[in-house]
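Trainee: Before I ask anything, here is the structure I am working with.
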């Protein structure tokens, strides 16, 4: 079977595509898989790390406000499917699968034009612009949340399958992860990050927390990933505050081995994207969720609130967040083991261990059809 995966931009779109590709490979070892993305996102770095070949097309996100960049984006959206066609004609895929975001638009549109079976996966509760634009062209719309169907016109194409996750999120245990990372068994380990691109507000807050928290609790290991956009500035501030000399504080640009580090963590501090929620649920991790207020329809807040209402996560909004407030909540969950374990148990109710299998079966149905 020949499969073309299309994804791009952030890890929230790239990692699901990698998970689907790995599932196909695990079930059909001789499957040939090619990725297509753009040079603007993280896919050019993340996909080859997983051993897959990637090619590139031009695609741009369309903003909701009128701007000069939008004019170019609209033009690109019109012509990019025709530029993607040669890749499809050369590779001759049996099926094309996209995981949302502007990067998958030209490839899935081109696949539909060439009558190649194709599907798009939407991980968030609110369908993105690319998925809404593609719904009339693709053969199948795979969704994580059942209520996503309410936002789409082509309801007969929608199948609720959950979010695809890399197998490592269900295979790595805490003790093994800690041993590999050199984290003592009795140490408390906090992992924080703001997504593949990073989040300036979260970076500033975490550096302040690291300074304040480490002074009171030098026994707690804090590791933060700043993301590509703001890593240099965060690193400069981190060093200016004398934090680089503290052995229990770690600052990274990006976490490539997320399953391993999440497995080792006692507490995770992060945004509330749909893929992050699924990863936390599969791992059974206590988390402080700080939704990004800059996403479409505030969907991260909705994701976080569902968990918080069930007692499965702590929700802190950016509008009220201060380093002191975050530090207080960290202390509460780190040093009250019963509260932390209760959250770990409740968040597992949101895990869907059969998502990868369900998606694979839908892919097979498309190919047979």
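Trainee: Quick check, is residue 291 out of contact with any helix residue (DSSP H, G or I) (no Cβ under 6 Å at 6 or more places or on another chain) and part of a loop (DSSP other than H, G, I, E, B)?
Mentor: no
Trainee: Taking residue 186, is it part of a helix (DSSP H, G or I), free of Cβ contacts under 8 Å to residues at least 24 places away in the same chain and farther than 28 Å from residue 9 by Cβ?
Mentor: no
Trainee: Right, here's the next one. Does residue 310 qualify as being farther than 20 Å from residue 263 by Cα, assigned by TED's automatic domain parsing to the domain that holds residue 211, surrounded by fewer than 18 Cβ atoms within 10 Å (Cβ to Cβ) and more than 19 Å from the chain's Cα centre (by Cα)?
Mentor: Here the answer is yes, as residue 310 does meet what is asked.
Trainee: Looking only at the stretch 127-161, how many residues end up being assigned to a loop (DSSP other than H, G, I, E, B), closer than 14 Å to residue 99 by Cβ and at pLDDT 95 or above?
Mentor: 2
Trainee: So, of the residues in the stretch 260-275 that are at pLDDT below 95 and under 17 Å from residue 353 (Cα atoms), which turns out to be farthest from the chain's Cα centre (by Cα)?
Mentor: 274
Trainee: Answer with yes or no whether residue 207 is closer than 21 Å to residue 294 by Cβ and surrounded by 21 or more Cβ atoms within 10 Å (Cβ to Cβ).
Mentor: The answer is yes for residue 207.
Trainee: Provide a single number: the residues in the stretch 19-44 that are part of a helix (DSSP H, G or I) and either closer than 19 Å to residue 94 by Cβ or touching a strand residue (DSSP E or B) at 6+ places or on another chain (Cβ under 7 Å) (or both).
Mentor: 10
Trainee: Same structure, new question: Out of all the residues in the stretch 1-18, which are touching a strand residue (DSSP E or B) at 6+ places or on another chain (Cβ under 6 Å) and farther than 17 Å from residue 256 by Cβ?
Mentor: 2, 3, 4, 5, 6, 8
Trainee: Consider residue 353 against the criteria (1) closer than 30 Å to residue 94 by Cβ; (2) part of a helix (DSSP H, G or I); (3) under 22 Å from the mean Cα position of the chain (by Cα): it satisfies all of them except one. Which criterion is unmet?
Mentor: Among (1) closer than 30 Å to residue 94 by Cβ; (2) part of a helix (DSSP H, G or I); (3) under 22 Å from the mean Cα position of the chain (by Cα), residue 353 violates only (2).
Trainee: Among residues belonging to the stretch 219-247 that are closer than 16 Å to residue 182 by Cα and at pLDDT 95 or above, point out the one that is nearest to the chain's Cα centre (by Cα).
Mentor: 223
Trainee: Anything in the stretch 315-338 that is surrounded by 15 or more Cβ atoms within 10 Å (Cβ to Cβ), within 18 Å of residue 217 (Cβ to Cβ) and in contact with a helix residue (DSSP H, G or I) (Cβ under 9 Å, 6 or more places away or on another chain)? List them, or say none.
Mentor: If the condition is that a residue be surrounded by 15 or more Cβ atoms within 10 Å (Cβ to Cβ), within 18 Å of residue 217 (Cβ to Cβ) and in contact with a helix residue (DSSP H, G or I) (Cβ under 9 Å, 6 or more places away or on another chain), then 323, 326, 327, 330, 333, 334 are the ones that fit.
Trainee: On the given criteria, is residue 114 surrounded by fewer than 24 Cβ atoms within 10 Å (Cβ to Cβ), at pLDDT 90 or above and over 15 Å from residue 55 (Cα atoms)?
Mentor: It is true that residue 114 is surrounded by fewer than 24 Cβ atoms within 10 Å (Cβ to Cβ), at pLDDT 90 or above and over 15 Å from residue 55 (Cα atoms).
Trainee: Against the definition (closer than 21 Å to residue 83 by Cα, surrounded by 24 or more Cβ atoms within 10 Å (Cβ to Cβ) and touching a strand residue (DSSP E or B) at 6+ places or on another chain (Cβ under 7 Å)), how does residue 103 come out, yes or no?
Mentor: Yes.
Trainee: Another question, then. If you check 305, 348, which single one turns out to be surrounded by 14 or more Cβ atoms within 10 Å (Cβ to Cβ) and in contact with a strand residue (DSSP E or B) (Cβ under 8 Å, 6 or more places away or on another chain)?
Mentor: 305
Trainee: While we're here: Please specify each residue of the stretch 224-257 satisfying the condition of being part of a loop (DSSP other than H, G, I, E, B) and surrounded by fewer than 18 Cβ atoms within 10 Å (Cβ to Cβ).
Mentor: 228, 229, 241, 242, 244, 245, 246, 247, 253, 256, 257
Trainee: Against the condition outside any loop (DSSP other than H, G, I, E, B) and in contact with a helix residue (DSSP H, G or I) (Cβ under 8 Å, 6 or more places away or on another chain), how does residue 272 come out, does it pass?
Mentor: Here the answer is no, as residue 272 does not meet what is asked.
The values are calculated or read from the model by the stated rules, or taken from the named source; none is laboratory data. The structure presented is a predicted model; accordingly, all values stated were derived computationally and were not measured. Reconstructed Cβ throughout: ideal geometry from the backbone, glycine too, with neighbour counts over all protein chains shown.
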